[in-house]
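Student: Once you've had a glance at the structure underneath, I'll fire off some questions.
Coordinate-derived values only; no laboratory data. Computed from a predicted model, the values in this text were never measured in an experiment. Cβ: placed from backbone, ideal geometry, glycine included. Neighbour counts: every protein chain shown.
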Amino acid sequence: MPAAKQPVARKLPAPAKSTKAAPKASAPAKPAAAPAKAKAPLAKAFAEPKADKPAKAKKPKLVRDSFTIPKIEYGVLDELKQRAAKLAHPAKKSEVLRAGIKALAAMSDSAFLAALQAVPAIKTGRPSQS
């Protein structure tokens, strides 16, 4: 077995011999550095605009929500995901739900009302542990 390596001793810098010179040298350096930092944002604010860049399209804000859904209807979501995969267009649950929302929005009022009446109302909130 090789012998354990001993830690390497590091040389520390010698302390400054003149205590009066150190505070004077460091004291003026701090105020000089602060205005330099303050000037940088001002220079950017008053700088001429660069060449016209195409405006970036803003991403839509996303909203997270939770809801209660019967297990049978939750299973239908999985079937719809598998159906989309067979059609060479894999989809996530959120994409399937969003497509359903778009389909409902495109319906006439009478068709939309019929679709709503076909869905039974359920109790809101978290399901019981049974």
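Student: Can you name every residue in the range 61-89 that is of a type in the set (A, V, I, L, M, F, W, C) and closer than 19 Å to Pro120 by Cβ?
Tutor: Let us first name the residues in the range 61-89 that are of a type in the set (A, V, I, L, M, F, W, C), namely 62-63, 67, 69, 72, 76-77, 80, 84-85, 87-88.
Phe67, Ile69, Ile72, Val76, Leu77 - these are the residues of the range 61-89 that are of a type in the set (A, V, I, L, M, F, W, C) and closer than 19 Å to Pro120 by Cβ.
Student: Next up: Can you tell me which residue in the range 82-97 is farthest from the chain's Cα centre (by Cα), limited to those that are of a type in the set (D, E, K, R) and surrounded by 12 or more Cβ atoms within 10 Å (Cβ to Cβ)?
Tutor: Out of the qualifying residues, it is Arg83.
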